[in-house]
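Heads up, the thing below is written out as structure tokens.
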Amino acid sequence: MKLITTYALAAVALLVFYTGNVLAAGEAFEGRKKCSSCHKSQAKSWGDTAHAKAMESLKPEVKKEAKLKAKLDPAKDYTQDKDCVGCHVDGYGKQGGYTVETPNKYLTGVGCESCHGPGKKYRGDHRKAGQTFEKSGKTTQRKVLAEKGQDFAFEESCNACHMNYEGSPWKGAKPPYTPYTPEVDAKYKFEFDKMVKNEKAMHEHYKLDGAFEGEPKFKYHDEFQASAKVAKKDDKKGKE
Ligand code: HEC
Ligand code: HEC
Ligand code: HEC
Ligand code: HEC
């Protein structure tokens with residue numbers, strides 16, 4: 001009996017140990033400052049998109065018509081409303097993400113990590129891979145990044161904000177819901193393949209040297225790279 005208890009205790013201890021490790025290894029948000037210092041061209045272009053200005057829309061007297069249409073109060077300040085901010089910032093309710101109590105300007109608006117995934121763990125590998133590639137021409141597998149939380153599919157992340165409403169065909173929907181549904185206006189219908197190429201909302205694409213290769217690779221990666229712009233020389237030389 002005593003032996004069984006000892007084994008049971010050991011099993012519990014092991015379980016706690018593993019769960020603890022999984023939690024400790026959990027991906028964390030840290031804001032777009034680091035990403036932007038290396039990827040200046042994308043950061044500059046992102047700054048002009050609707051996503052960058054998402055917090056503006058929650059301020060009073062901004063987008064009055066759109067608010068009336070969705071039965072919202074145009075005079076109200078929604079910037080601290082927990083039913084709203086979650087989809088207008090990065091990582092709300094997640095480790096390292098935006099909070100209403102201590103708002104971080106680098107997590108305000110829909111930034112890099114909302115689409116590319118929380119970056120604290122994978123961004124160090126970008127620097128390493130860039131240096132290795134520059135020195136020896138050796139490439140790094142994207143798999144390494146995916147294992148640390150970088151997202152190469154995007155669609156589920158977009159859906160969590162755009163498809164999150166009552167009666168949505170997206171299975172993950174749960175409150176708080178977006179007030180902007182196809183029922184409010186057909187223009188709010190979200191079609192990933194079309195939207196991911198929308199120039200008002202998505203940053204421009206710039207040519208990569210090819211430091212990363214292999215799967216998972218985004219399905220439009222080659223298409224985007226084929227028409228990508230050439231970034232300025234000092235790009236990707238930022239601080240980690
Ligand atoms: C964290 C939530 C969030 C994520 C993730 C997100 N979006 Fe958005 N998106 C928004 C919000 C909020 C706006 C409205 C910004 C504003 O005008 O205030 C928006 C606006 C847009 C628009 C502009 C619509 C228009 O015509 O004005 C497009 C297109 C779009 N998003 C596409 C995408 C795609 C594609 C993805 C995934 C790759 C994505 N979004 C990920 C929240 C999100
Ligand atoms: C589940 C995510 C989600 C929540 C919660 C949410 N929004 Fe948004 N919001 C979005 C998305 C996605 C868009 C972009 C819709 C589009 O243009 O297709 C958006 C767009 C907007 C816009 C701009 C609409 C336009 O036509 O330009 C305003 C204003 C807005 N939201 C206010 C609010 C307010 C106020 C709340 C809280 C009552 C709120 N949102 C809660 C996801 C959300
Ligand atoms: C609304 C979603 C979204 C946001 C926000 C976003 N990106 Fe992207 N980004 C994408 C998509 C989609 C691609 C295409 C991926 C591919 O081709 O492999 C991409 C590609 C890239 C690339 C590869 C080269 C290129 O230009 O295509 C870099 C680098 C990048 N993003 C950096 C950033 C940085 C830095 C930020 C924040 C300042 C940011 N992204 C914000 C969706 C987003
Ligand atoms: C220390 C600089 C540095 C930081 C910080 C950094 N990156 Fe990168 N990133 C790079 C380099 C170098 C590459 C490889 C570029 C190439 O192949 O030309 C890269 C590649 C990428 C790619 C392309 C991946 C692919 O599929 O080939 C994306 C997307 C990207 N970074 C997004 C981000 C995001 C988002 C952040 C912040 C969370 C970030 N980066 C932080 C230097 C950095």
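The order of W170, W46, going from fewest to most other C-beta atoms within 10 Å of their C-beta, is W170, W46.
Measuring spread by the Cα atoms of the stretch 77-189 yields a radius of gyration and Dmax of 17.3, 55 Å.
Projecting label points 7 angstrom from Cα along Cα→Cβ for E56 and Y177 puts them 2.9 nm apart.
Of the trypsin sites (Lys or Arg not before Pro) found in the stretch 130-161, those in coil by DSSP whose Cβ has at most 14 other Cβ atoms within 10 Å are K138. Size descriptors for the chain (Cα atoms only): Rg and Dmax, in that order, 20.9, 72 Å. Checked against a 20 Å cut-off, the cross-linked pairs K33/K67; K143/K194; K33/K53; K33/K105; K148/K229; K94/K187 give Cα-Cα distances beyond that limit for K33/K67; K143/K194; K148/K229; K94/K187.
What you get for the stretch 30-226, charging only the Cβ of Lys and Arg (+1) and of Asp and Glu (-1), is a dipole of about 540 debye around the Cα centre. With the convex hull of the Cα atoms taken as the outline of the stretch 38-88, the averaged projected area works out to 4.2 nm².
Read the figures in this text as sums done on the coordinates, not as results from a lab. Values in this document were obtained by computation on a predicted structure and should not be read as measured data. Backbone-built Cβ (ideal geometry, glycine too); neighbour counts: all protein chains shown.
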